[in-house]
Amino acid sequence: MDTVLTINNLSKHYGKIKAVDELNLEIKRGNVFGILGPNGSGKTTTLGMLLDVINPTTGDFEWFGQKGDQNTRKRIGAILEHPIFYPYLSGVQNLKIVCDIKGVSKTRVPEVLQQVGLVKRGESKFRTYSLGMKQRLAIASALLCDPEVMILDEPTNGLDPEGIAEIRELIIDIANSGKTFILASHLLDEVQKVCTHFCVLQTGKLIYSGLVEDVGKGDLTVEVKADSDELQAVLERSEMIKSVKRELDKYTATMVNGYGAKDINAYLFDQGITAKHLMIKTKSLEKQFLEILHGEEGGQK
Amino acid sequence: MIRLLKIELQKLWPNRAFKWLSSLYLIALTIIAVGVMPFLNYLKSKIEDFDIDGVDPTIIPFYEFPDIWQNLTSVAIWFKLLLGLSLIFSIANEFSYRTIRQNVIDGLSKYEFIWSKIILAGFLAAASAITLFVLGLITGLIYSSEISFVLVFEDVYFLLVFFLQLFAFLLFTLFVGTLIKKSIIAMGVLVFWIFAVENGFYIWGQVKEHEWIEYLLPVKSINALIHNPFPKYIFMEIQDFVTFPEIALVAGWGTLFYWAIIRLVVKRDL
């Protein structure tokens with residue numbers, strides 16, 4: 001698997017503020033890479049430097065194994081923050097300009113409009129578009145050059161639930177076609193649904209990088225409910241349960257390695273308790289993300 | 001180069017402000033090049049004893065080869081502000097819409113972006129010079145008493161000088177637009193600079209007899225490249241040629257603005 005992007009010690013300082021601090025990262029072809037981080041953690045600044053609109057203070061990066069310049073950018077489809085187009089031009093006119101910038105045939109314009117479902121409004125002026133349509137036009141524009149890498153920065157920001165679902169469908173569709181994706185977001189659910197890899201930035205520093213499929217790993221937790229006052233005591237007595245936590249009317253048991261929900265069920269039945277609710281809880285990216293952030297904050301203190 | 005010009009024209013053509021300003025400019029050129037003599041004739045037909053200091057203005061040979069070229073260019077340059085405003089609009093909008101950022105993300109280098117604007121300035125200046133050439137040719141052929149190849153093309157280099165004037169001025173407007181980034185404010189500053197600041201310094205220089213002040217004022221230097229030819233019709237001495245130091249001065253101003261624009265755009269985060 002070849003490397004699409006290598007970042008070496010990339011930093012951006014605004015006076016004393018270190019917006020991005022000595023960032024190192026590598027992204028391979030075919031990865032769907034999520035960059036997570038709270039607002040102001042340096043996600044957009046990093047992407048801005050990778051796309052040459054922000055001058056790095058120090059460090060460098062390579063696209064496709066060469067120094068990034070306008071020709072490597074022509075192989076990338078990118079949207080930073082909100083969609084930017086000429087408001088007085090129609091969607092089609094805007095896309096034609098991008099075709100000329102990227103050196104792509106204009107026959108691509110109807111194709112990408114079809115792909116994002118904007119054919120009907122292609123001739124309307126950009127300023128008359130709704131936010132969802134603007135976002136879709138931006139994705140269409142990023143798709144024009146049939147990019148090797150797509151970079152989207154908060155693609156669902158400000159959209160209503162229906163719009164979010166639409167854009168997510170679109171991203172999954174495109175990601176399935178095998179493109180490399182870099183997706184900056186603070187919507188963790190989105191990253192977990194779409195991405196293969198993710199990293200976490202905090203105040204400009206890379207504090208975690210790993211696989212999304214590893215997120216669910218680690219200790220298994222099982223949620224238990226039963227009409228018995230002794231439930232807690234019984235659970236705590238068991239050797240296959242590490243710890244028990246009470247949440248309202250249910251108990252969450254963290255299992256010792258190798259044991260599962262089936263074992264709890266059998267054990268409780270032996271003890272004369274019938275569970276009325278038994279559920280394996282997979283750890284969400286959200287939980288992991290918060291753990292990572294808090295771990296880091298704790299570590300600093 | 002063609003690619004960059006194509007990109008710029010696609011941005012500009014559908015723009016309403018550009019359409020208005022360029023139409024006005026075109027009308028102004030046409031009136032200067034074609035309309036003055038018919039207008040004088042019209043006045044003459046309406047007013048008895050129509051004359052200026054005892055001279056019937058309709059017999060003044062404004063439109064005769066080869067004088068027509070200096071006459072036309074020295075008047076047409078007054079209307080350069082209309083082109084300048086449309087160019088300011090074009091560059092300042094790129095900053096306020098942030099489309100410059102998206103252009104760079106999409107695959108223009110910052111230099112290419114600046115060059116696309118400079119090529120546009122060159123295109124507008126060349127289009128003006130060519131329009132003026134065609135109009136001048138037509139009018140000249142109508143009103144000249146004598147026509148020969150030598151007479152027609154003898155002073156046609158004034159059109160090249162006119163191109164240089166416009167181009168240098170448009171570089172100045174690009175610089176103002178890049179510096180200020182808000183189209184309306186930039187237009188205001190440009191107009192204020194030309195009419196208030198430069199005239200203020202110019203008059204001050206005249207009063208204090210610091211003639212060199214004029215050369216420190218970019219727009220004045222550009223304007224001064226082609227000297228006013230009209231006093232010759234009341235038998236005064238005029239400079240009916242362009243000197244090398246004057247051209248060098250304007251070229252120097254143009255280079256300075258180019259350098260300043262590059263610095264502003266390349267050093268700045270978009």
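Every number here is computed from the coordinates shown, using simple stated rules; none is lab data. None of the values given here were measured: they were computed from a predicted structure. Positions of Cβ are backbone-derived with ideal geometry, glycine not excepted, and every protein chain shown enters the neighbour counts.
If you take every residue apart from A:Cys99 with its C-beta less than 10 Å away from the C-beta of A:Cys99, what net charge results, scoring Lys and Arg +1 and Asp and Glu -1?
On the way: positive: A:Lys96, A:Lys102, A:Lys106, A:Arg108; negative: A:Asp100, B:Asp106.
Overall, the nearby charge balance is +2.
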Whole Å is fine, so just give me how far the alpha carbon centre of the range A:166-216 lies from that of the range A:85-138. 26
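Quick one: dipole size for the range A:221-281, taken about the Cα centre, charges +1 on Lys/Arg Cβ and -1 on Asp/Glu Cβ, in debye to the nearest 20. Please report the intermediate quantities before stating the final value.
Details: 9 positive and 10 negative charges, 51 e Å.
In total the dipole reaches around 240 debye.
For the range A:187-262, which GluC sites (Glu not before Pro) pass both filters: DSSP loop (anything but H, G, I, E, B) and at most 11 other C-beta atoms within 10 Å? Provide the component values of the computation, followed by the final result.
Working: sites: A:Glu190, A:Glu213, A:Glu223, A:Glu230, A:Glu236, A:Glu239, A:Glu247; in loops: A:Glu230, A:Glu239.
Listed in order of number, the matching sites are A:Glu239.
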Given a Förster distance of 60 Å, report the FRET efficiency between A:Thr254 and B:Ile185 from their Cβ-Cβ distance, rounded to the nearest 0.05. 0.45
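How large, in Å, is the range A:84-237 by the Kirkwood hydrodynamic radius built from its alpha-carbon pairs? Can you show the working numbers first?
On the way: mean 1/r = 0.0545 Å⁻¹.
That comes to 18.3 Å for the range A:84-237.
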Which residue, A:Leu290, B:Leu40, A:Tyr251, has the largest displacement toward the positive end of the dipole of the protein assembly as shown when charges sit on each Cβ (Lys, Arg +1; Asp, Glu -1)? A:Tyr251
Listed by chain and number, the residues whose amide H is under 5 Å from that of A:Gln202, excluding neighbours fewer than 5 places away on the same chain and using placed H, are A:Ile207
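Mean shadow of the range B:107-187, computed from the convex hull of its alpha carbons, in nm²? All intermediate terms of the calculation are to be shown ahead of the outcome.
On the way: hull surface 29.7 nm².
It is 7.4 nm².
Treating only the Cβ of Lys, Arg, Asp and Glu as charged (+1, +1, -1, -1), what charge dipole size does the protein assembly as shown show about its Cα centre? Round to the nearest 20 debye. Mind showing how you got there, number by number?
Numbers: 57 positive and 62 negative charges, 194 e Å.
It comes to approximately 940 debye.
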Dimensionless Rg over Rh [the range B:62-267; C-alpha; Kirkwood]: 1.02
Provide B:Asp67, A:Asp249, B:Asp269 in ascending order of the number of other Cβ atoms located within 10 Å of each residue's Cβ, fewest first. A:Asp249, B:Asp269, B:Asp67
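If I stretch the segment between B:Tyr42 and B:Thr255 completely, what's the gain in nm (0.36 nm per residue apart, minus their alpha carbon distance), one decimal? It would help to have the intermediate numbers written out before the result.
Details: separation 213, 0.36 × 213 = 76.68 nm, distance 4.57 nm.
Gain on extension, B:Tyr42 to B:Thr255, equals 72.1 nm.
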Rounded to whole Hz, the Karplus (6.51, -1.76, 1.60) HN-Hα couplings of the range A:124-139, x for glycine and proline: 7, 5, 4, 5, 8, 6, 6, 4, x, 5, 4, 4, 5, 5, 4, 5
Integer Hz, Karplus 6.51/-1.76/1.60 couplings in order for the range B:25-30, x for Gly and Pro: 4, 4, 4, 4, 4, 5
Using the Kirkwood radius built from alpha carbon pairs, what does the Stokes-Einstein equation give as D for the range A:221-281 at 37 °C and 0.692 mPa s, in µm² per second? 294
Averaging sequence separations of C-alpha pairs under 8 Å and six or more residues apart, then dividing by the length of the range A:221-281, give the relative contact order as a whole percent. 49
Per-residue Cβ contact counts at 10 Å, fewest first, order A:Trp63, B:Trp13, B:Trp115 as B:Trp13, B:Trp115, A:Trp63
Percent antiparallel among DSSP beta bridges confined to the protein assembly as shown, nearest 5, equals 70
Arrange the following residues from fewest to most other Cβ atoms within 10 Å of their Cβ: B:Ile213, B:Ile68. B:Ile213, B:Ile68
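For the pair A:Met240 and B:Leu24, what calculated FRET efficiency results from E = 1/(1 + (r/R0)^6), where r is the Cβ-Cβ distance and R0 = 60 Å, to the nearest 0.05? Mind showing how you got there, number by number?
Details: r = 86 Å, r/R0 = 1.44.
The calculated FRET efficiency here is 0.10.
Rounded to the nearest 5, what is the percent of antiparallel bridges among the DSSP beta bridges in chain A?
Details: 38 of 56 bridges.
Bridges in chain A that DSSP calls antiparallel: roughly 70 percent.
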Once phi is turned into θ = phi - 60°, what whole-Hz ³J(HN,Hα) does the Karplus curve with 6.51, -1.76 and 1.60 give for every residue of the range A:198-209, x standing for Gly and Pro? 8, 9, 10, 9, 9, 5, x, 10, 7, 10, 7, 8
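With charges only on Cβ, +1 for K and R and -1 for D and E, what is the dipole size of the range B:62-267 about its Cα centre, in debye, rounded to 20?
Values: 12 positive and 15 negative charges, 268 e Å.
It comes to approximately 1280 debye.
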Find the centroid of the Cα atoms in the range B:98-138 and in the range B:187-263, then give the distance between the two in whole Å. 24
Of A:Ile172, A:Val222, A:Pro56, farthest towards positive along the dipole that unit charges on Lys, Arg, Asp, Glu beta carbons give the protein assembly as shown: A:Val222
Could you pull out every one of the aspartates and glutamates with an alpha carbon less than 16 Å from that of A:Lys120, ignoring same-chain neighbours closer than 8 positions? A:Glu111
Amide H to amide H under 5 Å from A:Val20: which residues, 5+ apart in sequence or cross-chain, H placed 1.01 Å off N in plane? A:Lys12
For the protein assembly as shown, report the convex hull volume of the alpha-carbon atoms normalised per residue, in Å³, without decimals. 224
Residue (of B:Val250, B:Leu225, B:Ser144) at the positive-pole extreme of the range B:62-267, dipole from beta-carbon charges: B:Val250
Straight-line reach from A:Lys67: which aspartates and glutamates have Cα under 17 Å away, leaving out those fewer than 8 places along the same chain? A:Asp2, A:Glu26, A:Asp52, A:Glu148, B:Asp106
